[in-house]
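Taking it in order: structure first as structure tokens, then the write-up.
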Amino acid sequence: MERFAFLSLRHALMMLRTVTALLFMAHAAVRIVHGTIPQFGAFMESAGFPQGEALVWAITLAELAAGAAMIANRYVTQAAAILLIIAAAGILLIHRHFGWFVGEHGTGGSEYSVALMAALIVIISAARPNWCSALGGDFLGRRELLFPKSVAGCNSCPDDPGVLVRQHDSDGLRLVALEQLCHPAPPSAFPLP
């Protein structure tokens, strides 16, 4: 079960990022190919937005650009945040009026958009700088990281400097060995692989 689904967490996150980006890009591309931007623009104007067609073009181009950025692994946090706002606005303006379900139990409901938003939150969380990188490394680039004791859940060292995590696998995400240190060197002193 350790290698279930044959993907590492890093590769699974990359797949989620790419597929989510492609879903938004497909949504934008279909809008262009089928020529539905004017109708969507008219809907936006009826909902009280001025310049509806220009707004829809801006949304469409944002979906394409943000999706491309996510696939290229560039500006992922910002791109995913833009798509998160678009999905939330879609729920507020359109999908909530059709209920929850899409598919068997309804048409046009919110559930698909909520699933996309959950995926985007995971993508943002995986891409943003975190407390680990603030300590001098990240799971993808360093072999040893210093975790604060409170995060590591370790209470046996009264002076609390932290817990050293040593990584030994190729994908850099599975933590193999934990070793408590009462007086470790600062994270910047840990060697790179």
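Coordinate-derived values only; no laboratory data. Bear in mind the structure is a predicted one, so any value in this text is a computation, not a measurement.
State the extension gain, in nm to one decimal, for the chain segment bounded by Thr77 and Leu92, taking 0.36 nm per residue of separation less the distance between their alpha-carbons. It would help to have the intermediate numbers written out before the result.
On the way: separation 15, 0.36 × 15 = 5.40 nm, distance 2.25 nm.
Taking Thr77 through Leu92 to full extension adds about 3.2 nm, to one decimal.
Tell me, what HN-Hα J-couplings in whole Hz come from the Karplus equation 6.51 cos²θ - 1.76 cosθ + 1.60 at θ = phi - 60° for each residue of segment 104-119, using x for Gly and Pro?
Residue by residue, segment 104-119 yields 4, 9, x, 10, x, x, 8, 4, 5, 5, 5, 5, 4, 5, 4, 4 Hz.
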